[in-house]
Amino acid sequence: MKDGPAVETKGLSKVFTATTAVDDITFAVRRGEVFGFMGHNGAGKTTTLRMLMGLLRPTSGRATVLGHDIVEESLSVRRVTGFLPGDYALPREMTARQFLRYIGAMFGFSGKGLEKRIDELLMQFELSDAADRRLGTFSSGMTQKVGLAQALLNSPRVLLLDEPTSGLDPMGRRDTLELITSLAQENGVTILFSTHILNDIERVCARVAVLHYGRLIAYGDLAELRRTHGTDQMDDLYLSLVKGAG
Ligand SMILES: Nc1ncnc2c1ncn2[C@@H]1O[C@H](COP(=O)(O)OP(=O)(O)O)[C@@H](O)[C@H]1O
Ligand SMILES: [Mg+2]
């Protein structure tokens, strides 16, 4: 599986009592790419990511992360994957460093190795000066960086980001998008980037999957999708896809 996709789903579905949140979706994310996972609120993005992380059990279908089955080998998946939840609430009373230590301990890291990793991440995210401040005093952009830093603590090969730019001011958004691009380009991390913000997708992703009420209504190369739908405008493409899906 060394050269297989980073993430692959086959007929993946999740049915809650009254809702089919994810409906038979099949797609693959290539190694090293920033893949756009698009859809409006309620499209099924979070449910999909939670299944990939082993937090929810699929109703049917299957998926792998770097060849590891998400149900049978969920611990192996966790080991190679970083996750930034969409609704991540950081403990306000902890400092950035304390929080990263706490997350590191959950991965079983400790001692000098952990401290070194934390220092590296704080530096990478330009948070070194704020390391010993309480998280409750952080701006939304800084908070998001801490969220990303915790997702990277275990040096994951695959990163699942659930709406990482939602709720950020323009500068925070720009910073986050730049980080996403550099993580993929310089560190070779594969990124599954979930968002409802069309602009962001356009800026960092070459390939996308579009979810609409749990169903995959488009999948593939963004430039090609635009050509087939005869539009350069991301909003128009989206409307055209949604209309076509009925
Ligand atoms: N635990 C749950 N129980 C019941 N319904 C859920 C649950 N989680 C999500 N849903 C429903 O599944 C659908 C998809 O939700 P979600 O995956 O959160 O979408 P998105 O992240 O794209 O906004 C929505 O209709 C939502 O209400
Ligand atoms: Mg969501």
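Every read-out reported here was derived from the displayed coordinates using simple, explicitly stated rules and does not represent laboratory data. Note that the structure is predicted; figures quoted are calculated from it, not measured. Methodologically, a virtual Cβ is constructed for each residue, glycine included, from the backbone with ideal geometry; neighbour enumeration extends over all protein chains shown.
Quote the FRET efficiency, to the nearest 0.05, computed for residue 16 versus residue 102 with a Förster distance R0 of 35 Å and r equal to the Cβ-Cβ distance. Working shown, then result.
Working: r = 31 Å, r/R0 = 0.89.
Efficiency, from the Cβ-Cβ distance: 0.65.
Any of 45/112; 14/116; 10/116; 14/145; 45/145 with alpha carbons more than 32 Å apart? Name them for me. Before the final figure, lay out each step's value.
Values: 45/112 37 Å; 14/116 40 Å; 10/116 39 Å; 14/145 30 Å; 45/145 21 Å.
Distance filter (> 32 Å) returns 45/112; 14/116; 10/116.
Less than 5 angstrom separates the built amide H of residue 88 from none of the residues sequence-distant by 5 or more or on a different chain. Net charge dipole, the chain: roughly 560 debye, given to the nearest 20, about the Cα centre with Cβ charges of +1 for Lys and Arg and -1 for Asp and Glu. Amide H contacts of residue 159: 82, 190, 191, 192, each under 5 Å away and 5 or more positions distant or on a separate chain (H built 1.01 Å from N in the peptide plane; Pro and chain starts excluded).
Rounded to the nearest Hz, the phi-derived 3J(HN,Hα) couplings of region 174-180 under the Karplus curve 6.51 cos²θ - 1.76 cosθ + 1.60 (θ = phi - 60°) are 4, 4, 5, 5, 5, 4, 4, where x marks glycine and proline. Put simply, the amide H of residue 7, placed in the peptide plane, has neighbours under 5 Å in 29, 66, leaving out anything fewer than 5 places away on its chain.
Highest average first, the peptides 226-233, 49-56 ordered by how many other beta carbon atoms sit within 10 Å of their residues are 49-56, 226-233.
Express as a percent, rounded to the nearest 5, the fraction of DSSP beta bridges in the chain (both residues included) that run antiparallel.
Values: 20 of 38 bridges.
Percentage antiparallel, nearest 5: 55.
Phi angles across region 31-37 convert, under the Karplus curve 6.51 cos²θ - 1.76 cosθ + 1.60 with θ = phi - 60°, into 3J(HN,Hα) values of 4, x, 9, 9, 9, x, 10 Hz, Gly and Pro given as x.
Just need the Rg to Rh number for region 148-246, please, alpha carbons only, Kirkwood Rh.
Details: Rg = 14.5 Å, Rh = 14.6 Å.
Here the Rg-to-Rh quotient is 0.99.
Over the chain, the reciprocal of the mean inverse Cα-Cα separation, the Kirkwood hydrodynamic radius, stands at 18.6 Å.
Hey, what's the Cα Rg ratio for region 28-102 versus the globular rule of thumb, 2.2 N^0.38 Å?
1.29
Taking θ = phi - 60°, what integer Hz values does the Karplus form 6.51 cos²θ - 1.76 cosθ + 1.60 yield along region 220-233, in sequence order, with x for Gly and Pro? Karplus values, whole Hz, x for Gly and Pro: x, 5, 4, 4, 5, 4, 5, 4, 4, 9, x, 8, 9, 8.
What ranking do 94-105, 167-178, 144-155 get when scored by the average of other Cβ atoms within 10 Å per residue, highest first?
Values: 94-105: 18.4, 167-178: 16.0, 144-155: 21.3.
Most protected by this proxy first, the peptides run 144-155, 94-105, 167-178.
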